[in-house]
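Engineer: One structure is given below, represented as structure tokens, and several questions about it will come after.
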Amino acid sequence: MLLCDQYITPLTLPDALAQWAQAPEGSRLVTGGTDLLPWAREGRAGDVHVPMLIDLSRIGELTGTETLDGRIRMGANTVFQQFLVEDDLRRDLPCMPYCAVWFADDQIRQQATLAGNLVNASPAADGTAPMLALNGEIEIVRLEGDTVARRSLPVADFVLGPGKVDLEHDEIATAVTCDALPGYGGAFEKVGQRRSLVISTVCAACLVKPDHDRTTFQDVRLAMAGIGPVPVRLTQIEDFLTGKSISRQTIREAAAMNDGLVNSRTRQAYRKHVVEGFIERSLLNALSDYGLELAQEDIREMANA
């Protein structure tokens, strides 16, 4: 059970920052609460008492999305369900609908925020791999006198380790910004210890864009989470594929380039096996999402191999 002495619902960002800067030690911020509430239950953290909860869900500045100069900015209250139902997000972030459909169930997706998923910094958080592949940045604010000061960090630098992020005690994450990639094919792969409402053991995000004649890779984005303490961008494989012909052989060669990627403390052999399969499958599924017929042929060939 989660208990608190004060529950605050500020309506503006300056008010929230002022409350947060003065909050007693051990206080928590909350939006959807989909990480906090399961943690504060018997069998995990047990009964949890915090002096203050500050609910950010009513702050207008943290809602909404906008696209400018090839980048899309999503307020910190953007929830995973939006990637399934909002056409602009589905179009501009082609891997996110596949990520969202794997993310828990309809009720949790309506509450769980992308920003909260990143701030929670689980080693296998579903949102981290897509945001790495999309060159994601997280916007952070704090009060300096009466002024709201802002800074931005790449997600790759923001996540420092399991449950650790580059966020000072008086700062709040207010938005996530990433590349808008309409016209790309997207994919998201995930595996865990059960079939439904699965918590990732390993997850992968992939985005591809063939060249104009649809025979070579013009751009490839690959990232994985759950194979080490922080998510990783597979830049060596991206560089190998860029400019290469789109073929089953090329994709298999890329998938074999996975030595040294797994840096987890447990189940290393299993994760190495998953990584190779996820690289291959995510590339094929992203090509299929793009609409490339060769991807479908490759999938059938692999199934019969």
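Engineer: Sort out which residues of segment 65-97 are small (Gly, Ala, Ser) and either surrounded by fewer than 20 Cβ atoms within 10 Å (Cβ to Cβ) or not in a loop (DSSP other than H, G, I, E, B) (or both), and write them in order of number.
Structural biologist: Hits for segment 65-97 are Gly70, Gly75.
Engineer: Another question, if that's okay. Somewhere in segment 18-36, is a residue out of contact with any strand residue (DSSP E or B) (no Cβ under 7 Å at 6 or more places or on another chain), small (Gly, Ala, Ser) and either in a helix (DSSP H, G or I) or not assigned by TED's automatic domain parsing to the domain that holds Cys203 (or both)?
Structural biologist: Within segment 18-36, one or more residues are out of contact with any strand residue (DSSP E or B) (no Cβ under 7 Å at 6 or more places or on another chain), small (Gly, Ala, Ser) and either in a helix (DSSP H, G or I) or not assigned by TED's automatic domain parsing to the domain that holds Cys203 (or both).
Engineer: Test of understanding: among Asp170, Asp146, which residue is surrounded by fewer than 16 Cβ atoms within 10 Å (Cβ to Cβ), under 25 Å from Met52 (Cα atoms), touching a helix residue (DSSP H, G or I) at 6+ places or on another chain (Cβ under 7 Å) and not assigned by TED's automatic domain parsing to the domain that holds Ala286? Quick ask: steps written out before the conclusion?
Structural biologist: Values: Asp146 fails: touching a helix residue (DSSP H, G or I) at 6+ places or on another chain (Cβ under 7 Å).
Selected residue: Asp170, the only one of Asp170, Asp146 that is surrounded by fewer than 16 Cβ atoms within 10 Å (Cβ to Cβ), under 25 Å from Met52 (Cα atoms), touching a helix residue (DSSP H, G or I) at 6+ places or on another chain (Cβ under 7 Å) and not assigned by TED's automatic domain parsing to the domain that holds Ala286.
Engineer: Considering segment 260-289 alone, what residues qualify as being among the polar types (S, T, N, Q) and either in contact with a helix residue (DSSP H, G or I) (Cβ under 9 Å, 6 or more places away or on another chain) or over 23 Å from Pro182 (Cβ atoms) (or both)?
Structural biologist: Within segment 260-289, Asn263, Ser264, Thr266, Gln268, Asn285, Ser288 meet the criteria.
Engineer: Looking only at residues in segment 254-284 that are under 14 Å from Pro229 (Cβ atoms) and within 21 Å of the chain's Cα centre (by Cα), which one is surrounded by the fewest Cβ atoms within 10 Å (Cβ to Cβ)?
Structural biologist: Among them, the one singled out is Asn263.
Engineer: Out of the residues in segment 211-256 that are basic (Lys, Arg) and in a loop (DSSP other than H, G, I, E, B), which is nearest to Gly161 (Cα to Cα)?
Structural biologist: Once the filter is applied, the top-ranked residue is Lys244.
Engineer: Right, next: Would you mind finding the one in Ala256, Ala303, Ala286 that is at pLDDT 95 or above, out of contact with any Pro (no Cβ under 6 Å at 6 or more places or on another chain) and small (Gly, Ala, Ser)? Steps first, please.
Structural biologist: Numbers: Ala256 fails: at pLDDT 95 or above; Ala303 fails: at pLDDT 95 or above.
It is Ala286.
Engineer: Considering only residues that are touching a residue at least 40 places away in the same chain (Cβ under 8 Å) and over 16 Å from the mean Cα position of the chain (by Cα), which ones fall in segment 117-145?
Structural biologist: Within segment 117-145, Val141, Arg142, Leu143 meet the criteria.
Engineer: Which residues, taken from segment 113-151, are modelled with pLDDT under 95, small (Gly, Ala, Ser) and more than 20 Å from Cys99 (Cβ to Cβ)?
Structural biologist: Result: Gly145, single match.
The values are calculated or read from the model by the stated rules, or taken from the named source; none is laboratory data. This one's a predicted model, so the numbers in the text were calculated from it and none came from an experiment. Heads up, the Cβs are rebuilt from the backbone with ideal geometry, glycines too, and the neighbour counts pull from every protein chain shown.
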